[in-house]
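Q: My questions all concern the structure below.
The values are calculated or read from the model by the stated rules, or taken from the named source; none is laboratory data. Quantities reported herein were computed from a predicted structural model and do not represent experimental measurements. Here Cβ is always computed from backbone atoms with ideal geometry, including for glycine, and neighbour counts include all displayed protein chains. To get the accessible areas, we keep the full protein, side chains included, count just its heavy atoms, and leave off ligands, DNA and RNA. Shrake-Rupley method; radii C 1.70, N 1.55, O 1.52, S 1.80 Å.
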Amino acid sequence: MSAEHQTETAPQPLAGKSILLGVAGSIAAYRAADVCSQLGKLGARVTVCLTSGALKFVGEATFRALSRNPVLTDVFVEPHQERIAHIDVAQSADLVLVSPASANVLARLASGMADDMLTACILALPPGIPILAAPAMNTHMWNNPATQANVALLASRGVEFIDPGSGLLACQDVGKGRLAEVETIVSCVLTRFAQMQTMDLYGKHVVVTAGATREPIDPVRFLTNRSSGKMGVALAAAACARGAQVTLIAGAITATVPPGITLVSAETAREMEAACNAAFASADIFIGAAAVADYAVANPSAVKLKKPDAINGTLTLELVQNPDIIAGIGKRKVAGQVVIGFAAETDNLIPNAIQKIQKKNLDLIAANDVTAAGAGFDLDTNIITIIRRDGSSVALPLMSKHQAANRILDEVVTLLP
Ligand code: C5P
């Protein structure tokens, strides 16, 4: 694939977030469809749970289509024999939104009941997972001391309420009890996620390279290396979660790229260089995590090489040096742009890495000894030493590539103007 092949996506601030959307039996249940759709467009993976009351107002098919996920309705339906669905759902949710929350569901939650799928999931939530509830009911039901006591009790346990509005209700009564506007509900979810995570890269354009380049020998063969792209993809995902606009320029990768990231595919070092130069013009941060081939075949064959092409049993490939992409970027960077390189070494880790900072004009380098246990290619873990321009360094212990990505970004943030 050439560098022109790109996947453009709209900014998705909820990319990678799992939301359990509980829908209770209120006439406002139909508005949950819009909430579900908007959360999905913002990148969230939404799992919808309809109570039996909700099922009287809205259908499962609507929410299955909008969330592109199976809809939960029954605590005794176990799609996987070896797992317990409501525990799985509770453990994978980053946030729970009950919208609309009926008087009945508030009462059941307040008394700690688990008599249906929604209440069972909520009771099984690990501590710290935010629960947002947007009540909707008749004004007398809302004002009833029993409901108000339930709201107060739930609020004291950390449930966050999105206040209902006042006006003419579906039942023709006038007063408080109308579900908050869909936009308000969605914006409360966004705000809650923003509070939970550091959005310190908001407004920044981060360009990350990842994976191995491939240098063709002939139409079916190429020279490449063992890089999986996992470290680069972890950096791109972490930057995206911290609010950045992220362009990932990827060679061959086995790691899955989460939504919300602009993916540019590049096969050869030359293609990657062109894509990097184009993206760097608007970049605040450039991170070169790709394993770029140092050499390309001088004259790749237009047809598949055959055994008789060898002379005396030897086939000689002439190699030419590839451009050093990050060194070129280092030369072109202007004040305010930060460039971070990687140094995968097998010996003399720190001196080699320090040399590269100078030679390539980097602001920071992340060095790792690829022979150390837990730090090699295609692993989910890494052992990184972060080295600054002044030679000072931070040796991180063995950790997941995702954690290491965040530690590198913590350091990058201190270099921003
Ligand atoms: O010189 P070495 O390959 O060890 O340097 C590694 C760093 O340089 C990494 O950040 C890698 O992405 C980058 N690099 C590059 N172009 C090359 C070779 C390496 O951008 N041709």
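Q: Hey, got a sec? Which trypsin sites (Lys or Arg not before Pro) in the range 64-152 land in a DSSP loop and have at most 11 other Cβ atoms within 10 Å? Intermediate results must be reported in sequence, preceding the final value.
A: Details: sites: R64, R68, R83, R108; in loops: R68, R83.
Counting only loop positions with at most 11 other Cβ atoms within 10 Å, the trypsin sites (Lys or Arg not before Pro) in the range 64-152 are R68, R83.
Q: Okay, next question. What is the set of long-range amide H partners of A343 at a cut-off below 5 Å, with H atoms built 1.01 Å from backbone N?
A: Those lying under 5 Å, H to H, from A343 are A366, A367, N368.
Q: Would you mind checking the tilt of helix 269-280 against the longest principal axis of the Cα atoms of the chain, expressed as 0 to 90 degrees and rounded to 10?
A: 50
Q: Still on this model: Could you pull out the trypsin sites (Lys or Arg not before Pro) across the range 225-316 that fall in loop regions by DSSP (anything but H, G, I, E, B) with no more than 16 other Cβ atoms inside 10 Å? Each step should come with its number before you reach the end.
A: Numbers: sites: R226, K230, R242, R270, K304, K306; in loops: R226, R242, K304, K306.
Passing both the DSSP loop test and the Cβ count: R226, K304, K306.
Q: Using the heavy atoms of the protein chains alone and a 1.4 angstrom probe, what is the accessible area of the chain per residue in square angstrom? Please report the intermediate quantities before stating the final value.
A: Details: 19690 Å² over 417 residues.
That works out to 47 Å² for each residue.
Q: If you roll a 1.4 Å probe over the range 205-415 with all protein chains in place, what percent of the accessible area is carbon or sulfur?
A: Working: 5110 of 9620 Å².
Ligands and nucleic acids excluded, carbon and sulfur give 53 percent.
Q: Need one number: % antiparallel among DSSP beta bridges in the chain, to the nearest 5.
A: Working: 23 of 65 bridges.
Among the beta bridges of the chain, antiparallel pairing accounts for roughly 35 percent.
Q: Here's a follow-up. Quick check: the angle from helix 182-196's long axis to the longest principal axis of the chain, C-alpha only, nearest 10 degrees?
A: Value to nearest ten degrees: 50.
Q: What is the angle, in °, between the Cα long axis of helix 349-360 and the longest principal axis of the Cα atoms in the chain? Nearest 10 is fine, range 0 to 90.
A: Roughly 80 degrees, rounded to the nearest 10.
Q: Now a separate question. Take the chain, mark every one of the GluC sites (Glu not before Pro) that falls in a DSSP loop and has at most 15 other Cβ within 10 Å, then report the longest stretch left between them, sites excluded. If you can, show how the numbers build up before the last one.
A: On the way: sites that count: E4, E8, E82, E181, E318.
In the chain, the maximal stretch lacking such sites is 182-317.
Q: What lysines does K356 reach when the alpha-carbon gap must be under 19 Å and sequence neighbours fewer than 8 apart in one chain are set aside?
A: Output for K356: K331, K333.
Q: Another question, then. Just from its helices, what would the mean residue ellipticity at 222 nm be for the chain, if runs of 4 or more DSSP H residues each count -39500 (n - 2.57) and the sum is divided by every residue, rounded to the nearest 500 deg cm²/dmol? Spell out each step's value before the answer.
A: Working: 14 runs with 139 residues, N = 417.
About -10000 deg cm²/dmol.
Q: Something else about it: Where in the chain lies the longest segment free of chymotrypsin sites (Phe, Trp or Tyr not before Pro) that are both loop residues by DSSP (not H, G, I, E, B) and have at most 16 other Cβ atoms within 10 Å?
A: Details: sites that count: F76, Y202, F377.
Looking at the chain, 203-376 is the longest stretch - no exposed chymotrypsin sites (Phe, Trp or Tyr not before Pro) with at most 16 other Cβ atoms within 10 Å.
Q: OK, next. Return one quarter of the surface area of the convex hull spanned by the alpha-carbon atoms of the range 205-415, equal to its mean projected area, in nm².
A: Working: hull surface 50.0 nm².
Mean orientational projected area (the range 205-415, Cα hull): 12.5 nm².
Q: Something else now. Distances over 40 Å make up what percent of all Cα-Cα pairs in the chain? Show your work: numbers first, answer last.
A: Values: 30062 of 86736 pairs.
Result: 35 percent of Cα pairs exceed 40 Å.
Q: Let me ask another. Using a 1.4 Å probe on the protein chains only, how many percent of the accessible area of the range 18-197 belongs to carbon and sulfur? Could you put the intermediate results ahead of the total?
A: Details: 4650 of 8250 Å².
Roughly 56 percent, rounded to a whole number.
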